[in-house]
Amino acid sequence: MPSRKFADGEVVMGRWPGSVLYYEVQVTRYDDVAHLYTVKYKDGTELALKESDIRSQSSFKHRKSQSSSSSPSRRSSSRSRSRSRSPGRPAKGRRRSASQSREHKDDKKKTIQETSLALPVLVWFKPSENNTKRYNGEPESTEKNATSCIILEQKLKPDLEIKHVLEQYSLRSRKDEKKKEDIYSEKKTFVAVKPIEKVPTKTKELEFGGRIGTFMLIFLLPATVFYLLLTCKQDDPSLLNFPPLPALESLWDGRVFGVFLLWFFLQAAFYFLPIGKVVEGLPLSSGRKLQYRINGFYAFILTAAVIGVLLYFQFELHYLYDHLMQFAVSAAAFSLALSIYLYIRSLKAPEEELAPGGNSGYFIYDFFTGHELNPRIGSFDLKYFCELRPGLIGWVVINLAMLLAEMKIHNLSVPSLSMILVNSFQLLYVVDALWNEEAVLTTMDITHDGFGFMLAFGDLVWVPFVYSLQAFYLVGHPTTITWPVAAAITVLNCIGYYIFRSANSQKNNFRRNPADPKLANLKFIPTATGKGLLVTGWWGFVRHPNYLGDIIMALAWSLPCGFNHILPYFYVIYFICLLVHREARDEHHCKQKYGLAWERYCQRVPYRIFPYIY
């Protein structure tokens with residue numbers, strides 16, 4: 001196996017594919033299998049290059065110094081031996097005086113300054129009398145009157161301005177003037193450089209403990225959900241009081257599974273309704289943008305109408321409470337079947353449609369994290385649909401079923417104050433997510449993570465059945481709170497919601513239109529990708545203020561359950577662990593994406609989630 005020539009982090013000169021332009025790049029990693037270097041350009045673009053397309057900076061500097069050190073006497077001697085002309089030299093038979101030549105050079109300098117163009121930095125050299133001159137091992141054209149050049153650096157400008165300058169200061173020999181149009185089209189390939197598709201690379205940095213960790217999580221996540229639900233129904237819902245295992249046949253009910261399927265396809269039908277605007281997502285690696293219909297809030301309104309009709313005809317909604325365990329098993333079975341389907345279809349997906357974080361080549365890891373980024377059946381985007389529809393709206397329906405079950409079991413004419421708070425706080429959270437549905441298109445779940453078991457199980461099982469744990473707990477373990485306590489908890493939830501919503505709004509508005517006059521008071525650090533890192537507002541307070549708001553709200557959702565048991569606070573503990581993991585992943589991703597700009601941001605904003613603590 002050939003040894004690599006350039007080390008990670010080394011700054012070199014990389015040739016732009018399809019051209020002879022060399023740019024300053026930094027080596028980020030090396031693929032031992034494909035023998036390709038992944039390099040990062042100054043504008044943040046990452047490409048995979050062969051070793052033959054990379055040169056050391058010293059070789060460029062050496063060539064430049066050789067060219068600039070040529071003495072006037074040497075150039076004069078060369079001119080005496082040959083009458084070949086440089087691009088700026090007049091035609092034969094019309095010689096200029098030294099003063100005229102200087103004036104002509106001044107005029108050229110003035111014209112270039114007025115056009116305000118950033119032309120390529122050129123290293124000129126006169127070909128030797130030999131037929132071939134080599135630069136770093138590559139032969140250069142050495143026709144008698146040709147002048148060779150090496151383009152080191154170039155900033156792109158509009159085509160018309162480039163054409164104007166090239167016509168005045170031609171880089172071609174006079175004998176090629178007859179081929180002006182053909183050569184100009186070649187010049188345009190050097191100037192109008194367009195991004196090319198990135199070469200897909202395997203996922204090397206594995207999360208969640210790699211293959212062993214993801215294999216265990218496939219069993220641990222369902223077991224955790226079932227354990228929490230069984231414990232919550234006990235008279236003593238202590239985490240140390242392990243619940244007895246139910247009979248296996250009692251966990252499955254065909255009618256319950258049918259109801260779950262009906263619910264899933266009802267939400268899918270609402271997804272296809274031609275209401276709501278259609279927006280484009282972020283560009284994919286191929287440059288293509290997928291379209292999404294934003295109608296989640298309308299689906300929620302229609303679902304509320306359907307539930308209202310069922311209640312009007314005296315449908316017993318607390319049926320969900322009586323069969324909650326069977327519903328969880330049905331949802332888990334469906335999510336597993338969906339994950340298997342997603343992985344099988346991903347094996348035929350094009351390379352550019354695979355998820356950056358789920359292309360490791362290991363079956364278990366890719367099955368868990370998701371192999372395909374945006375699996376679609378026609379226009380039906382499976383990941384985007386499951387992200388907000390069946391699970392998130394189902395969470396509200398389960399909470400409502402718990403409220404009705406509490407009233408029926410305890411013979412209450414109105415729900416308890418604790419149950420009202422839990423339902424109200426979580427309803428606000430869901431409505432906010434559906435109202436701001438478009439914002440989910442910029443999250444890592446959509447842009448980075450594939451759709452596999454992790455998201456399928458999380459969206460369809462974990463969200464509706466774990467997030468509703470407080471309401472489920474209050475049915476069997478009623479807790480009485482006073483109005484002042486309820487008011488204090490409400491204020492806490494409002495503070496968390498305000499931080500969460502205002503922070504996300506600042507970020508989303510800045511991403512859409514950084515030049516918005518409403519954002520004129522916000523300061524940011526520019527990055528090589530063209531984006532900015534906010535250092536004022538909530539994002540100058542901590543690096544992830546939206547996570548801070550999330551944790552405060554999670555605490556407010558649990559406080560109405562009292563302090564008799566830690567079970568209702570499982571959600572808070574889990575949420576903190578989840579957000580700390582996401583924060584660590586975000587930190588790693590941002591450091592790779594923004595480089596030195598992210599380091600400057602971290603110095604400016606030292607606290608990650610909790611101010612003065614973490």
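Numbers for the structure displayed
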{"read-out": "Some residue of region 263-271 being within 30 Å of residue 316 (Cβ to Cβ), open to solvent by 50 Å² or more (accessible area, probe 1.4 Å), assigned to a loop (DSSP other than H, G, I, E, B) and at pLDDT 90 or above", "value": "no"}
{"read-out": "Odd one out for residue 163, checked against (1) modelled with pLDDT of 75 or more; (2) in contact with a Phe, Trp or Tyr (Cβ under 9 Å, 6 or more places away or on another chain); (3) surrounded by fewer than 16 Cβ atoms within 10 Å (Cβ to Cβ)", "value": "(1)"}
{"read-out": "Condition check for residue 34: small (Gly, Ala, Ser), open to solvent by less than 40 Å² (accessible area, probe 1.4 Å) and under 25 Å from residue 203 (Cβ atoms)", "value": "no"}
{"read-out": "Selection count, region 212-230, where residues are of a type outside the set (Phe, Trp, Tyr) and either more than 19 Å from residue 394 (Cβ to Cβ) or loosely packed, with under 11 Cβ neighbours inside 10 Å (or both)", "value": "9"}
{"read-out": "Residue 46 being more than 24 Å from residue 205 (Cα to Cα), among the charged types (D, E, K, R) and open to solvent by 40 Å² or more (accessible area, probe 1.4 Å)", "value": "no"}
{"read-out": "Among (1) buried (at least 20 other Cβ atoms within 10 Å of the Cβ); (2) in contact with a helix residue (DSSP H, G or I) (Cβ under 6 Å, 6 or more places away or on another chain); (3) assigned to a helix (DSSP H, G or I) - the single one residue 504 does not satisfy", "value": "(1)"}
{"read-out": "Residue that is farthest from residue 246 (Cα to Cα) [pool: residues in region 296-328 that are open to solvent by less than 60 Å² (accessible area, probe 1.4 Å) and not in a helix (DSSP H, G or I)]", "value": "317"}
{"read-out": "Qualifying helices (runs of 4 or more DSSP H) (wholly inside region 520-614; at least 2 residues being over 27 Å from residue 207 (Cα atoms) and outside the structural domain of residue 27 (by the TED database))", "value": "545-558"}
{"read-out": "Complete set of residues in region 549-592 that are open to solvent by less than 70 Å² (accessible area, probe 1.4 Å) and basic (Lys, Arg)", "value": "585"}
{"read-out": "Subset of region 1-52 (residues that are of a type in the set (Gly, Ala, Ser), assigned to a loop (DSSP other than H, G, I, E, B) and in contact (Cβ under 8 Å) with a residue 12 or more places away in the chain)", "value": "7, 9, 18, 19, 34, 44"}
{"read-out": "Members of region 341-364 that are surrounded by fewer than 13 Cβ atoms within 10 Å (Cβ to Cβ) and hydrophobic (A, V, I, L, M, F, W, C)", "value": "344, 347, 363"}
{"read-out": "Breaking point among (1) without any contact (Cβ under 8 Å) to a residue 40 or more places away in the chain; (2) under 23 Å from residue 281 (Cβ atoms); (3) touching a strand residue (DSSP E or B) at 6+ places or on another chain (Cβ under 6 Å), for residue 533", "value": "(1)"}
{"read-out": "Qualifying position, being at pLDDT below 90, touching a Pro at 6+ places or on another chain (Cβ under 7 Å) and open to solvent by 50 Å² or more (accessible area, probe 1.4 Å), among 202, 233, 289", "value": "289"}
{"read-out": "Scope region 252-262; condition of a type outside the set (A, V, I, L, M, F, W, C) and open to solvent by 60 Å² or more (accessible area, probe 1.4 Å); matching residues", "value": "255"}
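The values are calculated or read from the model by the stated rules, or taken from the named source; none is laboratory data. What you see is a predicted model, and the numbers here were worked out from it, not measured in a lab. All Cβ positions, glycine included, derive from the backbone under ideal geometry; neighbour counts span all protein chains shown. Accessible surface areas use protein heavy atoms only, side chains included; no ligands, DNA or RNA. Shrake-Rupley method; radii C 1.70, N 1.55, O 1.52, S 1.80 Å.
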